[in-house]
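The structure appears below as C-alpha cells.
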Amino acid sequence: QARLVESGGGLVQAGGSLKLSCVASGMITSEFNNDWGWYRQAPGQERELVATITVRGNTDYADSVKGRFTISRDNRRKKVYFEMTNLRPEDTAVYYCNRVSNRLDWGQGTQVTVSS
C-alpha cells in the first residue's frame, strides 16, 4: 500500500516563502503516473484542492494561489513539490498531496502557518 508523506511546512511571516515536498512511498511507477494535486485544509473549513499537475506537467491553480504558488513533479523520484511565495495569513492550513482521482489514503499533511 502506497503511503503519502508531506514535508516542508513551517511558520513564516507574511510575504515569505516555503517549498513543500510529497513523496509517494511504496508506489510503483504506473500508480504515480496520474494527475496529482496539492490540497489544503484550514481550521474549521473543508479540504480544498488548490493546484493540480497532469502526467505531462500541465498545471492549474485555484484563483487564491495563482501567480504565487507553483506545483511541480519528479516522476523518477515519485515526488510532487509545491513552491509557495508571497505567503499570506489566509494561506495558513494543513497541506496535503494526493492524486486528483482515485485518491489514496491521506498522509499526515504538513502545517503551514503564516503570521501577519
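The values are calculated or read from the model by the stated rules, or taken from the named source; none is laboratory data. All values derive from a computational prediction rather than experimental measurement. Cβ placement follows ideal geometry from the backbone for every residue including glycine, while neighbour counts extend to all protein chains displayed. For the accessible areas, the whole protein counts, side chains as well, though only heavy atoms, and no ligand, DNA or RNA atoms are used. Shrake-Rupley method; radii C 1.70, N 1.55, O 1.52, S 1.80 Å.
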Exactly one of Gly44, Gly107, Gly57 is open to solvent by 60 Å² or more (accessible area, probe 1.4 Å) and among the small types (Gly, Ala, Ser), and that residue is Gly44
Starting from region 19-39, take each residue that is within 23 Å of Gly9 (Cα to Cα) and list its partners that are among the polar types (S, T, N, Q) and open to solvent by less than 10 Å² (accessible area, probe 1.4 Å), counting only C-beta distances under 7 angstrom and pairs at least six apart or across chains. Gly37/Asn98; Tyr39/Asn98
Mind checking which residues of region 46-71 are touching a residue at least 12 places away in the same chain (Cβ under 8 Å) and more than 18 Å from Asn86 (Cα to Cα)? Arg47, Glu48, Leu49, Thr52, Ile53, Thr54, Val55, Gly57, Thr59
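Please work out which residue is nearest to Val55 (Cα to Cα), limiting yourself to region 73-93 and to residues that are open to solvent by less than 30 Å² (accessible area, probe 1.4 Å) and in a strand (DSSP E or B).
If we take residues in region 73-93 being open to solvent by less than 30 Å² (accessible area, probe 1.4 Å) and in a strand (DSSP E or B), then Val80 is nearest to Val55 (Cα to Cα).
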How many residues are polar (S, T, N, Q) and open to solvent by 50 Å² or more (accessible area, probe 1.4 Å) if we restrict to region 94-104? 2
Yes or no: Ser21 assigned to a loop (DSSP other than H, G, I, E, B) and either open to solvent by 20 Å² or more (accessible area, probe 1.4 Å) or among the charged types (D, E, K, R) (or both)? no
